[in-house]
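The values are calculated or read from the model by the stated rules, or taken from the named source; none is laboratory data. All figures in this text were calculated on a predicted structure; none of them were measured in a lab. Cβ: placed from backbone, ideal geometry, glycine included. Neighbour counts: every protein chain shown.
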Amino acid sequence: MHPAWFEVDGLSRRRNIYSTSQLSALTRLFSAAVFREMAKKGQSSLFRRLLGQANLLEHADPYGTVGDTFDSAFEILKVVGQRDEYIYRAAISQKVLMGKHSLRTASMLNEFRAGSSKADLVILNGTATVYEIKSERDSLARLDHQVEDYKRVFAKVNVIASEGHVAGIMRTVPSDVGVMCLSNRYRITTVREAVDCPARICPVTVFESLRMAEAITILQAMGVIVPEVPNTQRHAMLRAFFAELDPVALHAEMVRTLKRTRNLALLSDFVDSLPKSLQAAALSISVRRSDHSRLIDAIKTPLHRAMTWS
């Protein structure tokens, strides 16, 4: 598939014109439904239907594979004005998580609860850094509220957006919040560095974000003796313990614990075996380890054979 080229301001830039329904179909190719169906069955009838809806079949390489088709769809969605949240997730995964760090030294959380908000993506390395995505399809209406929620759980808060959103974000968020831009050329640039400030987190909000076992592990690591109580009393007891913790010490222990409980190192070989366009999906969509080889085989399937999937 070869997008058309036009001269704009002396620069060669790709410009594709797709309908809303076609872009929706392209976006859904990277959904959990397609990914899990391929992992479970080794094929996906939804993948085949979405290709038809996106009108990709007549332009696709008949000798290409399913993986090649995902890459082609990703290239279309990367164009400014068509980028959705998945494109930003992929950029952070590739350029920050696996570019600056690795799956063996850092971990990543997706849709992690923080107060009344859900963090799009969090990277745990020496600290906890949250990335709030504002794609071209998003508004900034709730951004100030989301940022305040994130500050109660994470030491560093970043907002990453397209060039068209940057000015509005700079006016909306406080100066300790980092602002990043996914450029027209699919590069991440830092407009303003985030301040690393674990002292501002709220221990009770952190507790409400954790799994019960993680909360108990953190308390024990910090020297708190957790007595056995009936399940009906456990939540209130643990919440009270967290309320007494030092924020800085808690944040450090939260990072250490979550890096163990949400570890991605075992996914390293699996992720490396997939096309770059699907690596963010592999890091955020859980499938059974026993289904990995079936998914890889599906990705390697010649496209003409995939068109018979039912």
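Okay, here's what the table says:
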item: Criterion: more than 30 Å from ILE296 (Cα to Cα) and modelled with pLDDT under 95 - qualifying residue of ASN263, ASN231; result: ASN231
item: Residue under evaluation ARG83, criteria (1) touching a Ser or Thr at 6+ places or on another chain (Cβ under 6 Å); (2) over 30 Å from TYR131 (Cβ atoms), criterion not met; result: (2)
item: Wholly within region 89-147, strands (runs of 3 or more DSSP E) carrying at least 2 residues that are free of Cβ contacts under 8 Å to residues at least 60 places away in the same chain; result: 117-124, 128-134
item: Residue in region 221-237 that is surrounded by 15 or more Cβ atoms within 10 Å (Cβ to Cβ), touching a residue at least 12 places away in the same chain (Cβ under 8 Å) and under 19 Å from ALA114 (Cβ atoms) present; result: no
item: Answer from ALA106, ALA119 - the residue that is modelled with pLDDT of 95 or more, in contact with a strand residue (DSSP E or B) (Cβ under 7 Å, 6 or more places away or on another chain) and of a type in the set (Gly, Ala, Ser); result: ALA119
item: Count - residues of region 53-86 that are part of a helix (DSSP H, G or I) and touching a residue at least 24 places away in the same chain (Cβ under 8 Å); result: 18
item: Residues of region 249-287 satisfying the condition of being charged (D, E, K, R) and part of a helix (DSSP H, G or I); result: GLU253, ARG256, LYS259, ARG260, ASP269, ASP272, LYS276
item: From the options SER183, SER273, SER209, residue that is surrounded by 15 or more Cβ atoms within 10 Å (Cβ to Cβ), without any contact (Cβ under 8 Å) to a residue 24 or more places away in the chain and under 21 Å from the mean Cα position of the chain (by Cα); result: SER273
item: Test result for VAL191, in the same structural domain as GLY126 (by TED's automatic domain parsing), more than 23 Å from GLU111 (Cα to Cα), outside any loop (DSSP other than H, G, I, E, B) and of a type in the set (A, V, I, L, M, F, W, C); result: yes
item: Residue among LEU124, LEU97, LEU143, LEU103 that alone is crowded, with 16+ Cβ neighbours inside 10 Å, in contact with a Ser or Thr (Cβ under 9 Å, 6 or more places away or on another chain), farther than 19 Å from ARG256 by Cα and not assigned by TED's automatic domain parsing to the domain that holds ALA252; result: LEU143
item: Meets criteria (of a type in the set (Asp, Glu) and closer than 20 Å to THR105 by Cβ) for ASP269; result: yes
item: Residue check for LYS134: at negative phi, surrounded by 21 or more Cβ atoms within 10 Å (Cβ to Cβ) and among the basic types (Lys, Arg); result: yes
item: Residue count for region 257-266, restricted to those that are in contact (Cβ under 8 Å) with a residue 24 or more places away in the chain, more than 15 Å from SER209 (Cα to Cα) and surrounded by fewer than 17 Cβ atoms within 10 Å (Cβ to Cβ); result: 2
